[in-house]
Structures are given as C-alpha cells and as structure tokens.
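Each remark here refers to the structure printed beneath this line.
Readers should treat all values here as calculations from the given coordinates under stated rules, not as data from a laboratory. Bear in mind that the values here come from a model prediction, so they are computed numbers and not experimental data. Methodologically, a virtual Cβ is constructed for each residue, glycine included, from the backbone with ideal geometry; neighbour enumeration extends over all protein chains shown.
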4 protein chains.
Amino acid sequence: MKKMRAAVFVELGRIVLDEKPVPDVGPLDALIRITTTTICGTDVHILKGEYPVARGLTIGHEPVGIIERLGSAVQGYREGERVIAGAITPSGHSAACQCGCLSQDGAGTKHGFKALGGWRFGNTIDGCQADYVLVPDAMVNLCPVPDGLTDEQVLMCPDIMSTGFGGAESGGISIGDTVAVFAQGPIGLCATAGAKLSGATTVIGVDTIPGRLAAARLLGADITIDYRAVDPVREIMRLTDGRGVDVAIEALGTQATFEAALRVLRPGGTLSSLGVYSGDLRIPLDAFAAGLGNHRIVTTLCPGGKERMRRLLAVIESGRVDLKPMVTHRFRLDDIEAAYDLFANQRDGVLKVAITP
Amino acid sequence: MKKMRAAVFVELGRIVLDEKPVPDVGPLDALIRITTTTICGTDVHILKGEYPVARGLTIGHEPVGIIERLGSAVQGYREGERVIAGAITPSGHSAACQCGCLSQDGAGTKHGFKALGGWRFGNTIDGCQADYVLVPDAMVNLCPVPDGLTDEQVLMCPDIMSTGFGGAESGGISIGDTVAVFAQGPIGLCATAGAKLSGATTVIGVDTIPGRLAAARLLGADITIDYRAVDPVREIMRLTDGRGVDVAIEALGTQATFEAALRVLRPGGTLSSLGVYSGDLRIPLDAFAAGLGNHRIVTTLCPGGKERMRRLLAVIESGRVDLKPMVTHRFRLDDIEAAYDLFANQRDGVLKVAITP
Amino acid sequence: MKKMRAAVFVELGRIVLDEKPVPDVGPLDALIRITTTTICGTDVHILKGEYPVARGLTIGHEPVGIIERLGSAVQGYREGERVIAGAITPSGHSAACQCGCLSQDGAGTKHGFKALGGWRFGNTIDGCQADYVLVPDAMVNLCPVPDGLTDEQVLMCPDIMSTGFGGAESGGISIGDTVAVFAQGPIGLCATAGAKLSGATTVIGVDTIPGRLAAARLLGADITIDYRAVDPVREIMRLTDGRGVDVAIEALGTQATFEAALRVLRPGGTLSSLGVYSGDLRIPLDAFAAGLGNHRIVTTLCPGGKERMRRLLAVIESGRVDLKPMVTHRFRLDDIEAAYDLFANQRDGVLKVAITP
Amino acid sequence: MKKMRAAVFVELGRIVLDEKPVPDVGPLDALIRITTTTICGTDVHILKGEYPVARGLTIGHEPVGIIERLGSAVQGYREGERVIAGAITPSGHSAACQCGCLSQDGAGTKHGFKALGGWRFGNTIDGCQADYVLVPDAMVNLCPVPDGLTDEQVLMCPDIMSTGFGGAESGGISIGDTVAVFAQGPIGLCATAGAKLSGATTVIGVDTIPGRLAAARLLGADITIDYRAVDPVREIMRLTDGRGVDVAIEALGTQATFEAALRVLRPGGTLSSLGVYSGDLRIPLDAFAAGLGNHRIVTTLCPGGKERMRRLLAVIESGRVDLKPMVTHRFRLDDIEAAYDLFANQRDGVLKVAITP
C-alpha cells in the first residue's frame, strides 16, 4: 500500500506530519495530488482544541493540485488535469443543496440539513495538508484551473476568498453603498475586495496592524481606520455625517467587532457576519433600536461547489482582484509544523502561508 | 377655536381624556374625524413610562375616519371620504422612502434615515385617540376604505396587521415552508395569518392562553403549542423530525421567545423578529452555530404608506383573512381610561378594543 | 430477461403499448414500479410530432410508484418505499444545479447548462408510462410519499402542479396582488391555485370551457372570464379600474394569450410565461411601452428535484390545495392508447387521466 | 415678468431657441438656474417627431445648476446650492413610488401607476435646455453636488448613467458573471461601466464605431466586438465555449440587437433591455427555447429620485468610474440648434454634448 505524508491532529496543541496510506478511490471520488495548500485560522482553532476533530484526522481544506485518479463513475474530467475544490464540498443531492444552501449540506440526515455539514475536508474526512487528498462527490466539486494562473494565484479561492466575498454578497451591497469591514485579516481583506467588486463606493477597513491596513487599501478600502488610534464607531459615524453604513461586515468573531458593526449600521442596514465566535453574543438594545430598526443580521459559511470555484477563478483571471500579495510565506510540507508555529502566533506579518508537498 | 377630546399622556401611569383645539390644516395635511380607533401594546409601554413621549401628547396611531378637511395642496381625495392611514406615516421624500424603507423615514435629517422615524402618530405628533387627527403628508398616507367594509373590519390594518404580515414577509416564506410563531397576541396572530397567506404549509403557533391558541387555529395555525404544557423548542424539533423550521417569527419581545425562535431554526433559516425588546438580547453560541449556520435575523417595524394600506384592505375584502374576531371589546372615547385599564392589564381575554368617539 | 409493458413513440401519430426489458439498475439509479402515472400535454405534442423524440422511446414523465430496486451507491431510501420523482430529474452536479436552475441542467456538457436539460423522462431517456421506470440520480430525485396520501392526490406533483406553482412563484407575487391567469387547463388551474397560495387577493382566471372555469373558481380564482363572452383585456382593465394586474400568467402557449397577458400588465408588472410556444412571439410596441414600462417577462420550466417534490407534497398534505378533482378519467395501462385518444382530443371534459399499470 | 431663453419644440424637425417667462415657483417646487445640461437621444426622437410632445414645450431632462428660489414648503436646501435632479422626477406619493417603481409614477391617476409617468422634464412639463428649470416635488428630487466635482463630471448622472447602470442592476449581475452589452452609445457605455462595477468579470461590448469600442474598453469592457467584422452571436458563443452569457444588455432599441441579446443568453439568463423600440419586437422561437429556457426579459426606464442621484454622485466621487470622456463637444445655449444638428446626425465622433447657458 502506497504511503503519503499528512499533517494530522494528534491532541490539543499538536498537529504533526505523519505517514498514512494513500486513500482508495470510490466510484464518485477523485484523488488529487496536492501541489499547493495552506493553513487556515480554523486549523489553528483545531490545533488549540477550540474546535474538536477526531484524533488522527488529516487537517486542511484548501486544495490546489493535479487529478491523480478518477472514480469509475466520474465523468467530465481527465487525470493529469490541474484543479481546485472548495473548502466546502457539498454532496449535490441533499435538500440543502436543492435550496441553494450548499454549505449546510445534510446528506445522510433524514431531512437534508446539517449545520456546517458541507465542511468535510479536515473536519469530518481527511483534509488537504498531505501529499494526496480524496475529493468526495468529485463531479460536484472539482474545478479546472485555467493554464495562465499559478497555484498561488488561486490558493485563496477554496476558502478565504469564497468566505470574504460571500460576506459581501450576503450583505446585499448595492451600487453606491458605504460598507465597513471590521478586521482585515485574510477573510476581512477578501471581504473588502468583495465589497468593492460588488459596487460599494466607500469601503472602510478597520484593523490596527499597519501591514493589514496597507493591504486593505491595496485590495479596495477607500479609508482605513486604526481602532487603537481612534474609536472606530465614532469615526465611521463622523465619516458618514451621522448616517452610518449600509452594510457592516464582521470578519473576526468577537463581541467587540460584532457590536461595533451593529452600532455603525444605518436603520435598515445589514450586518453580515463572517467570524467564528467563541462565546454567546450580546445585541445591545440601543444599537438594535429595540428590535424596530429594520436591521438584518446574516451569517455566511464559506460557499462551495465547482461553480462557485469557477466564478472565483474568473475574478482572478479577469485581474479585477489580485490576492497573490496575501501569500506572505512559503513552506515545504516537511516543514508544516514550523508553518503552524509561525501562522498560529501571527509572527512576521504573516497573512497566509503556501505549503508545497 | 373649535375644541375636541383627546387622550393625552400626562405622566408615568396617567393617560387621560382631555380637551384640545382641533388642529389647523397645513397645505399637505388632512384633518380626519376619527370614527374608530384602538389601543396598542406600544401605548401601554408609553403609559408605563417604558417608551418616553412628550407630556401632553395625544396617544394612538390607528385611525379609521372621515376626511373633514383637506390641505390646499392635497389632490386625489374628497372631503367626506372614509379613509385609514398607517400607524407609520412616511414623508414620501426622504432617502429612506426612496430605498423602500419607509418605516425608518428620516425626513428633516441630513441623510434621510432615522430609526423609527416613520412613526409619528402618538410618538412625535398628536395621535388618533381623539375626535380628530391631523394626517401629515396626506397624499402619501391616506387610503380610501371600500364601502363594503366596516370600521372594525379594517381597524387592524394600520398597525397590527401590517406589522404581523410584515414579519411573515420579511421571513421570505416560500411555498411549503414550516413556520413557527412565538406568542399569539394581536401581532403574533396576524403573523400567523400572514404566514399562512404567504404559502407556509405548516404554521405552528406558540402561546399559553387558551383563547389565543384558539384564535391562532382560527387564523391559520395548523398546530398550536402551549409552552407551559410542553417545551416548545423540543416539541417543534420533534414535530419537524429534527429538521427545525424554515422561518421563526418572534412576536413578543423577550429573551426567551427570541432564543427559542433561534433554537428551532434549521441551518439557513430566518428568524423574523417583531417584538419590542426592553433589554439587551443574547445570542447563544450553540443556537447560532458559532456564526456559521447561514442564519438570518431580520427585524421589521410596521410598514406604512397608502399602498400598504390598500393591499391590506384588499386582503380583508378578499375574505382570505378575517380579523374582526380580534376586536373583543368596545368603548366610547369618553370611556377610554377604562379601556386602557382593561387592555393594559389584559383582563377578560381582551385581544383588541375598538374606541369610538 | 424480465419484460414489461411500455407506451412507446413509434412514429408521428402513434404511441403504442409495447414490450421492453425491465431496465438494469446502475449504481446511482433506482428502479420504480409504477403504480399511477398520467399523460401530459407535452406527450400529445410528441404524439403529433411537434416535439421530436427518438423512435422507440417510452413516453411519460409523471411517476408515482414503489421502489423495486436501489442502485449500489444509493443511500437514504429502502426498497418497497412509495415515492414520486419530478418530471424534471436534475443530476445534482451541474453548474446549472449549483446556480439553482435545476431545470436547465447541463450535466455532460462542458459548462453545465443545457436548455431543457433537466427534462429526461420520456424525452432523452425512457419514461413512466410503463410497468417500471429507471430514475437516474436517485438521491437527487426520489421523494417519499406520506402514508396518508393516495396516488391520485399526489399525481399532479411531478409536473402540472410544479409547473403551475412555478409560474406563480416566478411572478414574484406579493400579498395583495391582483393576478390574471390566461387559460385554465391543468397547468393554468395549478397556476391559479399557486397564485392564491402565494398571497394574491384577486385572482382572475380566463378560459372558455365552463368546466374549466368552474374548476378555476374551486381552486382559487376570485373571478373568471369567458373570453368568448367578453374581451378579456378590456374586462380585466375594467375590473382593475384601468390599473391592470401586478402579475399575468400565460398558461397556454399562444400569441393571443401571451399578448393579452402583456396588455393587462400594470407598468412594472411581471408576465410569467408557462406555455410551450410553437412559433415566434410578437411583442406589440404599445403593450410594451416601447421598452420603457419596467415590465418583466419570465419563463419557467417545471421545477424538479426531491426537495421541490417534498414541498408540493406538503401543500397537498396541509389541505391548502386539493388537486384530486383534476383527475377526471381513469385507465389501465393496457388501455393507454384509448387514454391518449381521449386526452389528445380533449373529449368528455377531460382534465387529467390516471393510468394504473 | 422676467424672461429666459429655452429650446422649444416647434414642429417636426424644429427645436429652436426661444424666449419664455421664467416660471413661477409653487410651494413644493424649486427654480434651478441651469449651469450645464445636455441633449439626449430621446430629444432627437422628439425632434424627428417619433416621440410626440406638445408644441412649445421646452426640451431637455438633464439639469445641473444652482438653486435660484425654493418653494415655501421646501425644506432641507438653501438657495445658491449646486444641485442635480434626475431625468425622472417622481412625485414621492404615488402607489408606484411606494412600490419602488418611481419611474412609472402615476401621481394624479386613480391607482398611482402610469407608464413612463415619472418622466416629466421635456415630456409633460418644461425641461432643462433653458436658463432656468422648475423642479417639481423638489424635496423628492434635488440632490446637492459635492464641491469637488465639476458640472461635466456629473452631467451624465441624471439620465445616461442612471439608465445604463439601471440596465446592469436589473440584470441581477453576480460576481463572476459574463455580460454582453449590445451597442456602445452613451447608454451602452454606461451599462458597460455598470456591469463591471456590479462584479461581472467578463464584459463584452458590441458596436462598430472604433471610437465607441475604444471608449467601451476604457469604461470596463474586457472584450469588444465589431459587429461588421464578425457575427457577434457566433463570436460570443465562441468566446464562452458555447455556454452563452449570464446577462445580455440591449442598449439600442432594434430588433437586431434585441434578438442577438436573446441568442447569446445561457438557459436561465437575463436579457436586460434599455432601448427605446420603434416597432413590434419578435421573439424567435428557437432563441427562446419555446418558452422553456427559464429566460427573463426585463426592461428599465431611467431610475430617478434624489437618493438615486446621490448614489451615482458617490460613484463619480469614488473615482470608480470616470464619465467625463463622454463629453466630446461643448456648446453655449445660444448655439443649441447647432448642437442638435451635430448630435442628431452623429457627426464628428460625438458621444455627448455639454450645453452651458
């Protein structure tokens, strides 16, 4: 049995590079030889034990690679083709999929809905930080990569870009909107880019790390606010002459950013929440107009599926958005433990790392 | 100067019938002689000092009456015509109005948005519990009542029906949806009727008062749950085989109902909130899938404007919904203090009272 | 090899009952033993050579039956279970499916979109007028039937009801809308029922056959118009005081009904077209306000997939709509040629026939 | 009585500069001193007698100017302020306005809808090609111009930009869409810019005039097609590998462009029509998939109102789109007849002219 390297979760605080058999390929699967992958904030939650997964699971949900082998029932692809798949890999046949809610795919459940059910890689099945990954429901999930694009150019599509753009889309941005994006980490930066791409004419990025604020301006923020220098709520209300923003995007997952996002919303505005929270949230009565302000709060889990990937690749290919600058560091798979160490501790201005087997 | 009777807010705990001059009619106004009006839960909040208004203000925001005099610039109506106006009386010219958000009308503000700004009657201008009420921006707000309908048949249109239906509409109900409505007071009952009218095929009404549960079944609930007899969250999850509901409508304004509404939502579902809350709200992490469940929380303030009123009158006229049973008690304007006493203390199975000057 | 009976297209004018082998079951298929099926207007188009299909193809796309055998990869069902499948059987994995456009499924094409591609039964693969039908992509398409419902109660779900309701849904009906439905054949009747179920408060049904006008009133029409007795455009404009309707549904497929639907639309209204046209359509300049009336023209092919079926079954189960009266005649499969003769010639007040093998 | 110059329609073929009294200011009006205006294609239709208006009417519907006098009931503005108003000036109080359909404003009609009713300037009331224009319902329509913007920078907002962007918006463009825009005159160019601003990643502009194709590339077209050099339908199908476009925008008003737009649509796509047609339109059966392709055809009349203007000004101010290059020629009001001559005959590569009184 052929062996491969894989970053597996061992126990709280330990994700290590181990050896595993290369997986067998079922009729609907595709085996992908990973050429580039990355580490996500969620993986750090797993590492820290904040999000539980099975011991021995291969981590990672952002695959760029080459089709090594196709299942017997898979049509429309060829071995040797370069592809990506989304972090979310829906089944294509659940009720959730048929309702357009692919991320909450409940395949296997009686009714077809399961919270976070579409997220399988590195969560409920082996993931992508390995030499090979098995993509389930390949015809639903594999998307060819245009020849002109490098691995690093498309590395953000499976998760970060899909999530950040999803936050902008769920906000229902109209031409001429003012949008505030709270936190300019990788997801917030993509939300900033997505807001601009959706027609917002004033995009305000909030963070405190100079490198992130600079990246925000590069990717679409018209104005950036350092929340340590000024109170972002007061500053945004000042900038908008007391009107507030049409859409506020939360991209961190804390009470402070959630609450600030709500406080800068105009009546009738939308708070689009992307963060993964770690405790109960509080909605302050005044910021919520006691429930009478026609506010909307919407949450979005990374959209997946091959058509989503095709569209994000089209964005990259069009040159409308360039996410390459987000790859700040590069590691070989053999050095992935060092990559985790750098990324989890946010050292050296890291935004995203590229891992190459 | 002609005088009239009016129920005015005097101080915490005291709304009394007083005498005031009949108001002058400006060029865009209409003076309406009230033939029937009612008391709203919000008026009780005012009475109890929970919602502050100016001393001396006439209370009430649900007018049915006859046009007594039209402003010089008002066209398209005639004196003597029977009309209603919404509880919310938008200006028609604010940015909020042009964005379709009439309830958050910010006429007079720099940017045109103001939380609750569309609510003027009995809030920022004199209201309807009087012999006469002055309707501002009459051409935006006055809607003729078809001859075949009685005052009591249309008495719910200005507020309760518009609000309850608005909750169903904001939920984005699709044909075949399962909808739960938490609390079956007047607004919850209208939300129940609105959910059925929107194509929901299983409407679940939650309350504990037998008369309200019976009214819920009459107005459209397929199933009712007495929350003192069974845990409504567990019961709804059981009834839906663990799937949860597509849309949950909160119609009371408490943490308990808000939280229960969130807990019964399927992934990707919508919590449509109508209640007026009196404290901060808490979103439990688990019920919110840590922010990753594609949930939506939307709030709706009573939609207003003459076209909204016309549509609600069309519902009544079509016979699709009959809200007359909601008028359980009748008082003359002279006895309005007794009416407040009954209504504020929810005595004698009261749902709504009709007040006739 | 086991044999079965099947109604096959032989040549223009001839659909005959023939013998065929019971099909083999692939890994993703399910073999259904048909217990009830029906004939559709589209089948008559095939019979008359107006819609071309391969010689020898089994006709029919409305299956109610029992699972006889499940493919090796099919999970979540059991043999012996009573099920329906939609007339449209999407693959679940095309780009069209992931865009929510299941009817235009382009599985197997490079880009995943193909006009009418979701329609396979009796079009590109063997259909349902037979002892058995093979359902492709079974997990995407099979929907269990609740025990309390008879075959005839659910017989309209696969096509007629899904199409008619789809026309109402695509119209974007709001509470209080006035809707006109042109033609009250089976699809028009379902559109009428769907319009009422969506919150329309005035539904106007147009036809000339008394039985169909009576059925229209039973299923939701508030007003019916016999187009031979009065000009329906003039009458609808009169009924609406010159305003026109918010949504007009075309359910026949002729220039006359299409044009009438356009002529009764208010500015900003929607023409929802369901008919299968047989020639070019003309949009009269005046009825179209020279392209400046904010009109919308939308077309809908029968929505499919198991979740769609589940929702339609929920409508039937709720008692909101009863389509049993649409089954006016019953035939055994052995007599299907007589059933075609009756149905194709619209004799004896036929609406729909039930065929039982 | 003070006099002013005004370009008035005299008879077929003659729009001449004449003298008229400066209009009186009613309570809701504002008198604007025009500083810059322009000529629209519609004005040429009027000139040629293809669109009938009253003799003696002042033509023109694109005002940039200074508030000279405010009506007694107008609040929120000050005399001397620089403003624009949309070509469409809704009343703010019709049913159409309350339905979000401001362009089809039916103020004064019984039901509040009137085809093209929102278009008043130079159609049903005196227009803007004059020293002064009276803006009705000033609080609904006047929008201040930011100091940093020149007249010419904002001159396209009232009509051309609002219309072209409206075509993109009505198309419902999603991130990653491919959009074709047929004709690259002023409206088509703005539709091209609007499509890019809405997230389309491949925008294809079709025309034949080299200067317009160059302008298209400047404003957002990724690809341009000269329809005299290649068949645009075949070329677009080739460019999209047979898939077709998600949204096709028609911006000329001819059978040829309408039909081409329909032929390049993918199943489920949207044809967004902006052109003013001069004859009946034909929908070819095959291009329309016999009515079964889930196609949408939507038309849009220039959106108006002050909030629309504010948003378009925000686009200009953000620098996302620069429409100044569209002003190719400049004339004094005294020379407007020469301007008509140049513009109507499309001489000298004219796109738009600026007229300054």
Counting only other chains, and only Cβ atoms inside 10 Å, what mean value do you get across the residues of A:111-124? 4
Please report, largest first and rounded to whole Å, the three semi-axes of the ellipsoid equivalent to segment C:50-109, where each semi-axis is the square root of five times an eigenvalue of the C-alpha gyration tensor. 23, 20, 11
What is the sum of charges, Lys and Arg at +1 and Asp and Glu at -1, for the other residues whose Cβ falls under 14 Å from the Cβ of C:Asn345? -2
Under the Karplus relation 6.51 cos²θ - 1.76 cosθ + 1.60, θ = phi - 60°, what is the ordered set of whole-Hz ³J(HN,Hα) values for segment A:134-151, x standing for Gly and Pro? 9, 8, x, 6, 4, 5, 7, 10, 7, 10, x, 9, x, 4, x, 9, 7, 3
Would you mind telling me which residue in A:Gln346, A:Gln255, A:Gln104 has the biggest mean-square fluctuation in a Gaussian network model of chain A, where springs connect alpha carbons within a distance under 10 angstrom? A:Gln346
State, in angstrom, two size descriptors of segment C:1-133 derived from its alpha carbons: Rg to one decimal place and Dmax to the nearest whole number. 15.0, 41
Given N residues in segment B:112-164, what is its alpha carbon radius of gyration divided by 2.2 N^0.38 Å? 1.29
For every other residue with a beta carbon closer than 10 angstrom to the beta carbon of B:Gly171, add +1 if it is Lys or Arg and -1 if Asp or Glu, then tell me the sum. -2
Percent of beta bridges antiparallel (DSSP, the protein assembly as shown, rounded to nearest 5): 55
Output for segment D:170-210 (equivalent-ellipsoid semi-axes, sqrt of 5λ from the C-alpha gyration tensor, Å, descending) is 18, 10, 7
Compute, for segment D:161-299, the length of the dipole vector about the Cα centre, with Cβ point charges of +1 (Lys, Arg) and -1 (Asp, Glu) only. Units Debye, rounded to 20. 80
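Mind scanning B:Lys306/D:Lys306; D:Lys114/D:Lys352; A:Lys196/A:Lys352; A:Lys110/C:Lys306 and naming the pairs with a C-alpha gap bigger than 24 Å? All intermediate terms of the calculation are to be shown ahead of the outcome.
On the way: B:Lys306/D:Lys306 21 Å; D:Lys114/D:Lys352 29 Å; A:Lys196/A:Lys352 21 Å; A:Lys110/C:Lys306 13 Å.
Table pairs above 24 Å Cα-Cα are D:Lys114/D:Lys352.
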From zero up to wherever the largest Cα-Cα distance of the protein assembly as shown sits, split into 20 Å bins and tell me the percent of pairs in each. 10, 37, 39, 14, 1, 0
Output for segment A:70-145: trypsin sites (Lys or Arg not before Pro) sitting in coil per DSSP, at most 13 other Cβ within 10 Å, listed by number, reads A:Arg78, A:Lys110
Quick one: work out the % antiparallel among DSSP beta bridges in chain A, nearest 5. 50
GNM result for chain C, Cα springs below 10 Å: residue of C:Ser273, C:Ser318, C:Ser170 fluctuating most strongly: C:Ser318
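Direction-averaged shadow area of the convex hull around the Cα atoms of segment D:117-226, nm²?
Over every viewing direction, the Cα hull of segment D:117-226 projects on average to 8.7 nm².
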In whole Hz, the Karplus estimates of ³J(HN,Hα) for segment B:343-353 (6.51, -1.76, 1.60; θ = phi - 60°; x where Gly or Pro) are 5, 5, 9, 6, 8, 6, x, 5, 9, 9, 10
Ignore the peptide's own chain and count Cβ atoms of other chains within 10 Å of each Cβ in B:313-324; give me the average, rounded. 3
Could you size up the charge dipole of segment B:1-155 around its Cα centre, putting +1 on the beta carbon of Lys and Arg and -1 on that of Asp and Glu, and report it in debye to the nearest 20? 360
Please list the non-local residues whose amide H lies under 5 Å from the amide H of D:Phe121, H modeled 1.01 Å from N, same-chain partners needing a gap of 5 or more. D:Thr89
Determine the distance separating the Cα centre of segment D:137-208 from the Cα centre of segment A:161-232; give it in Å without decimals. 23
Ranked highest first by average number of other Cβ atoms within 10 Å, how do D:225-232, C:94-101 line up? C:94-101, D:225-232
Kindly work out what percent of the DSSP beta bridges joining two residues of segment A:20-163 are antiparallel, to the nearest 5. 95
Taking amide hydrogens as modeled 1.01 Å from N in the peptide plane, which residues meet the under 5 Å criterion relative to B:Val245, leaving out close sequence neighbours? B:Leu265, B:Arg266
Name the residue, out of C:Asp147, C:Asp29, C:Asp18, whose mean-square fluctuation peaks in a Gaussian network model built on chain C with Cα pairs under 10 Å. C:Asp147
dims of segment C:197-260, Cα set, principal axes, largest to smallest, nearest Å -> 27, 26, 21
Computed [θ] at 222 nm, deg cm²/dmol, chain B (DSSP H ≥ 4; -39,500 (n - 2.57); rounded to nearest 500): -6500 deg cm²/dmol
Per residue, how big is the convex hull around the C-alpha atoms of segment D:161-299? Give it to me in cubic angstrom, could you? 92
Can you work out the Karplus-derived ³J(HN,Hα) for every residue in segment D:270-277? Use 6.51 cos²θ - 1.76 cosθ + 1.60 with θ = phi - 60°, whole Hz, and x for glycine or proline. 10, 9, 9, 9, 10, x, 9, 7
Rounded to whole Å, sorted largest first: equivalent-ellipsoid semi-axes of chain C, Cα gyration tensor: 34, 21, 19
Can you give the net charge of the other residues whose Cβ lies under 12 Å from the Cβ of C:Pro284, counting K and R as +1 and D and E as -1? 0
Mean other chain Cβ within 10 Å across A:298-310 is 5
